[in-house]
Every structure is written in structure tokens, then in C-alpha cells.
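This report concerns only the one structure given below.
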Amino acid sequence: MPITDHQEQKPVKLRARNLDFSYGDKKVLDGISMDIFAEQATAIIGPSGCGKSTFLKCFNRIHEVSSEVRVAGDLEIDGVDIFRGGIHEVELRRRVGMVFQKPNPFPKSIYENVVFGPKLFGVRDRDILDGIAEESLRKAALWDEVKDRLKESAMSMSGGQQQRLCIARALAVNPEVLLMDEPCSALDPIATAKIEELIFELKKEFTVLMVTHNMQQAARVSDYTAFFWLGRLIEMGPTERIFTNPRDRMTEDYISGRFG
Amino acid sequence: MNLMQKPRMRMKPQALARWTDRIMRCVLWVIAIGFIAVLLIFVGAILKQGWPVLNLGFFTKMPESLDAGGGIKPELFNSIYLVALSLAVSLPTGIGAGIYLAEYAGQGRVLRFFRLCIETLAGTPSIVLALFGMIVFVQTLGWSFSLRAGAMTLALLNIPVITRVTEMSLRSVPPDLKEASYGLGATKLQTILKVLLPYSATGILTGVVLAAGRAFGESAILVFTAGTNVSSRFPDFRLTAPGESLAVHLWYVTSDGTLPDAREIAAGTAAAMILVLLILNLGVRFIDYRIRKRTR
Ligand SMILES: Nc1ncnc2c1ncn2[C@@H]1O[C@H](COP(=O)(O)OP(=O)(O)O)[C@@H](O)[C@H]1O
Ligand SMILES: [Mg+2]
């Protein structure tokens, strides 16, 4: 059973059961079992190198692009097994979008960045693409800042704008889940506040699973918090309970800053 | 002991750093200016000698074999046509092989062999390729000295260069851009076509220009495969036509010695080649500038 104490009415969107993960021979995740609820923001905290990013990336299998990996255990989306359930990884990545730690816009125009995904799936109609671009940029709280310069290069934007552009780009393919790997770690406090506000809005519509280094951030934006340590899930529960009344000694030490 | 006492004649670290910086900068400037000077003197000398010969007639007349006053019209055409034909073969092959090596190939034994082949081909002296081309295309396949034999052998010369530069350029694409593309649900092919190739376009273009320039100036290969004659028709697009190029013409008139004005023809031909290369490079710089402006 997952180590949690939820009394959630929402359905389980993503489920991990006894998930083991290795890069080659290096074991990184050890028997993780965890439920992630739809339309909630779940934050993963823990010291560097404990496997947070790896766990996140399992849900859209993005690490398989560049690394030799071994996975054992079950991962499900809406009750369907991600590895054996007949979901092609390309389809999976459409349903499970990802925002990376470092903003990584394409060296193309702002507009081309946003419509990159829809164009992949064969949307050609200019009006439809324009509509998707506007809607996605609005959802990412970027529209007002860029609506007059959509043809300009994305590389000319500030870091915070680039990260919101990456969020807009992910939203444009209309995903169900949004994975965010320390989305604010490269940003200044003002940009960070904007992204946090955004996550707060996004979780009304999407399932958000995020990694954060920053415990205040986890406390501010997430409904659930999971604490990882050395590739294991130590404790998971409603964010408020985790921060006020942790059950595990290690969780308590970590959130009170005694290690990590 | 007095700790405040410093050893004499010792520069402060910042001063030392500043001086090494200045000296290095001077050295690099001198080297750069030296290179530019050599190039200018060299190009200047060729253009100066060739300039009196370069009139409209020179570019629009057929060459003479015994009398003075011949032109280079068919050679100029053949040179450009040969480069274009060879690129038509070497671009798809080289870019395809580069994509394969960068994105699809694993680590197997077949692959090591494939790489070895490319490296060997890249290191083959052009005279060896010339003889190979003559034996295979001219004699065995019976193509005789023709544009197609020349173009195919030039393609062999260029395929390794284009393969390598494509592979390198693709490998230099930041991995986070690749992840971004896959993360949006792109397939491998889509990622290659829409992200990797556009990003590497300038790098690949640079390699292609180098390859084209080398093919344009190549003589040994073409002497043995495209021959030292030109067609009596103009323009002759047939692949079976004899295909003497500018570089071969330059070599031929100076070594044959039957032309009374061989020196002038050679000087004019050399200058014409330099001019074409200059135009080619400027054109490509312009295209490159446009690409960069559009993407960065
Ligand atoms: N592509 C990879 N290949 C091999 N080892 C990796 C790779 N990515 C991460 N690791 C290793 O896996 C462990 C967990 O990494 P990661 O999931 O990035 O941790 P976190 O995000 O919690 O800092 C680390 O020890 C890291 O060195
Ligand atoms: Mg990480």
C-alpha cells in the first residue's frame, strides 16, 4: 500500500506500485508506491539525487530517449499500465506533458513554439492554430505580454517568460497531466511567484505532479506532498499535515532543515 | 619571522593575469593579421595577373587548342555543373549517413566497420580516388571520360565530409531541445526533421560549402574521370558529355604547351575560379545570415 493518509474524493490519475528503476546497473528508485489524484497538485520534495526527477520522468518515459534504463513494477494512467497496456510512448507524451527544470524553448518564434505540438499531430488550419496559440498563451498567463510580438524569437524573452512559454507549449497539446521538474529553480522571485500562481490555476483543470527544491513552494501550491529519500518514498500525505505533523522522523528532520 | 615581508620582484596575481591577457591578445592579433595578409597577397596576385584577360569574350568563347584568344565558356559551365551533379549524389547520401550515425546507429560491430569505411574514404588521397573512379566508372562501367564519371567520383570525395559534418552538427544540438520535442509527443523522425536538422542547418551548410569548394577546385580526380575535352555543343547537359573543368583546363594548358597564350589563359582561368569561389562564399554567408535571423 502507498504510504499516505488521503481522504480524497478525486479519482486516482497516476498510480505507481513497487516501482524499481535503474540507469544501467545503478539503482535509483526502490519500490515506490504512490497515488496521484486528478486535478490536484502533488509536490515531491527531498534532497538532491534522491530520484525525484527520475520518478517524474517515468510517467512520460522521456528518459528512454537518451539513457539505457531498466524498470520493474507497475505504473498506471487512468488504470491502464503505461508499459504493458498498449499505450504508445508518443501517445503517452501527448497525454502527459512535461515542463523541464531549465526553460528549453525551440530557437523559433514564440508562435512556432506554441503550435509545435498541434502541428505534429497534423493541425494545418491557420485559424485553428491561431486559436490554440492564444488559448494556450492565455492559460500560461503570457498572452498580454507577447500578443504583439508572436513572430519574434523565443530566445529574446526573459527566463521567466521562456518558462511560461514552455508551459504554454505543453498546454497546447491539451494534456491531462503536467509534470514539472523544479520549474522555478532557474528563475528570479518575481517570475517564480508568477509560475506558482499559474500552477494554482492549472491544477483546477490538470493533474499536476511537480518536483521542488523549495519547501515553502511545496507548502504554497501543492495539495499533497511526497518526501523522497535515497530512492524511496518515505512519506506522503496532504501537504498541510506533512508540514505540521509529519509521522516519520526523517520527514520531520528534512522539513525542519536538519539535513539535506 | 616577519610575515609582512614579501619576496621581491613578484607581480601581484591580477597584474600578472592582465599582462598574460595582453600578450596573448597581441600574439593572436599578429597571427590573424598574418593570415589575412597572406590571403590578400595571394588572391591579389592571382587577380592582378588574370585581370587583363578577364573580359566578356573570355567567358563567352570556346577554348582554342592551337591559336591564341580562346575562352573558357564550356569549362566554367562544366565546373559548376559537375559540382551540382556531385552534390545531387553526395548531399542525400552524406546527410542520410550522418543522420543514421548520430541518431539511429547503436554500438555494434557493423557500425564500427561502417565508421572505419567513412574514415578511410575521408583520408584517401584524391589521386587514388581518381584512379579508382577511372577503373570503376570509366572502364568497368564503360562510361568513358564523362560528366557522370567525374561527378560520381567527386561525390565519393565529398560524402565522408558531408557525413561527418552532419553527424557532428546533429550531436551538438542541446539535449534539452531533443527532450522538449519528444516531450511534446514528437516521433523520432519528426524530431529529426523539425528540430535537429533546422538547428544544425548552418553547421551542415558550412560543411557543404567546404565540400563544394573542394569539388570545384579538384583537378586530379577530374583529369582521370571527366577528361580534358569539352563538348562541341553548348550548353551540353548530357551526363555522357566530356567534362573538362576549369581546374583541369588550368592544368592542361600549362602542361600541354601548344597554346601560344597559355600563360594568359592560365592566369585568366585561375582568376575566374577565385571569383566563382568568392561569389559562392558570399552567397552562402547571405543564406546563412537569413537562416540565423529567422531562427535565433
Ligand atoms: N541519465 C542518467 N544516467 C545515469 N544516472 C543518472 C541519470 N540521471 C540521473 N542519474 C542518477 O540518478 C540519481 C537520481 O537522479 P535524479 O532523479 O535526477 O535526482 P533528483 O531529481 O532527486 O535530484 C542520481 O544519483 C543521478 O546521478
Ligand atoms: Mg532533479
Report summary line: Of the candidates B:A266, B:A215, B:A272, B:A211, the one satisfying the condition of being outside any loop (DSSP other than H, G, I, E, B) and closer than 30 Å to A:P107 by Cα is B:A211
Report task. Return yes or no: is A:V65 more than 15 Å from ligand 2 (Cβ to nearest atom), among the aliphatic types (A, V, I, L, M) and open to solvent by 30 Å² or more (accessible area, probe 1.4 Å)? Result -> yes
Query raised in the report: With A:G49, A:G86, A:G73 as the choices, which residue is within 16 Å of ligand 2 (Cβ to nearest atom) and without any contact (Cβ under 8 Å) to a residue 60 or more places away in the chain?
Result: A:G49
Requested in this report: Return the total of residues in the range A:122-172 being basic (K, R), in a helix (DSSP H, G or I) and within 11 Å of chain B (Cβ to nearest Cβ).
Outcome: 1
Query raised in the report: Can you name every residue in the range A:88-133 that is of a type in the set (V, I, T) and either open to solvent by less than 10 Å² (accessible area, probe 1.4 Å) or in contact with an Asp or Glu (Cβ under 8 Å, 6 or more places away or on another chain) (or both)?
Result: A:V96, A:V99, A:I110, A:V114, A:V115
Report summary line: How many residues of the range B:142-195 are facing chain A (nearest Cβ under 10 Å) and out of contact with any helix residue (DSSP H, G or I) (no Cβ under 8 Å at 6 or more places or on another chain)? The answer is 3
Query raised in the report: Residues in the range B:213-233: is at least one at pLDDT 90 or above, at positive phi and not basic (K, R)?
Result: yes
Report summary line: Given the conditions (1) under 18 Å from A:A140 (Cα atoms); (2) outside any helix (DSSP H, G or I); (3) away from ligand 1 (no atom under 16 Å from the Cβ); (4) open to solvent by 30 Å² or more (accessible area, probe 1.4 Å), every one holds for A:G257 apart from (1)
Report summary line: The residue from A:S185, A:S153, A:S136 that alone is surrounded by fewer than 16 Cβ atoms within 10 Å (Cβ to Cβ) and either hydroxyl-bearing (S, T, Y) or over 21 Å from B:L184 (Cα atoms) (or both) is A:S185
Query raised in the report: Would it be correct to say that A:F200 is aromatic (F, W, Y) and open to solvent by 10 Å² or more (accessible area, probe 1.4 Å)?
Result: yes
Query - Given (1) within 12 Å of ligand 1 (Cβ to nearest atom); (2) open to solvent by less than 20 Å² (accessible area, probe 1.4 Å); (3) part of a loop (DSSP other than H, G, I, E, B), index of the condition A:N60 fails - result: (1)
Query raised in the report: Can you name the condition, by its number, that A:F228 falls short on among (1) in contact with a Cys (Cβ under 8 Å, 6 or more places away or on another chain); (2) more than 16 Å from ligand 1 (Cβ to nearest atom); (3) not in a helix (DSSP H, G or I)?
Result: (2)
Report task. Taking the options B:T240, B:T254, name whichever one is part of a helix (DSSP H, G or I), more than 22 Å from the chain's Cα centre (by Cα) and surrounded by fewer than 22 Cβ atoms within 10 Å (Cβ to Cβ). Result -> B:T254
Query raised in the report: For the range A:39-50, how many residues are within 14 Å of A:I234 (Cα to Cα) and either basic (K, R) or surrounded by 24 or more Cβ atoms within 10 Å (Cβ to Cβ) (or both)?
Result: 4
Query - Evaluation of A:K27 against (1) surrounded by fewer than 16 Cβ atoms within 10 Å (Cβ to Cβ); (2) within 16 Å of ligand 2 (Cβ to nearest atom); (3) closer than 30 Å to B:R171 by Cβ (one fails), failing number - result: (2)
Report task. Could you tell me whether any residue of the range B:139-148 is under 24 Å from the mean Cα position of the chain (by Cα) and open to solvent by less than 40 Å² (accessible area, probe 1.4 Å)? Result -> yes
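The values are calculated or read from the model by the stated rules, or taken from the named source; none is laboratory data. Note that the structure is a prediction, hence the values are computed from the model and not measured. All Cβ positions, even for glycine, are placed from backbone atoms using ideal geometry, and neighbour counts span all protein chains on display. Note: accessible area is taken over every heavy atom of the protein model, side chains too, but ligands, DNA and RNA are not part of it. Shrake-Rupley method; radii C 1.70, N 1.55, O 1.52, S 1.80 Å.
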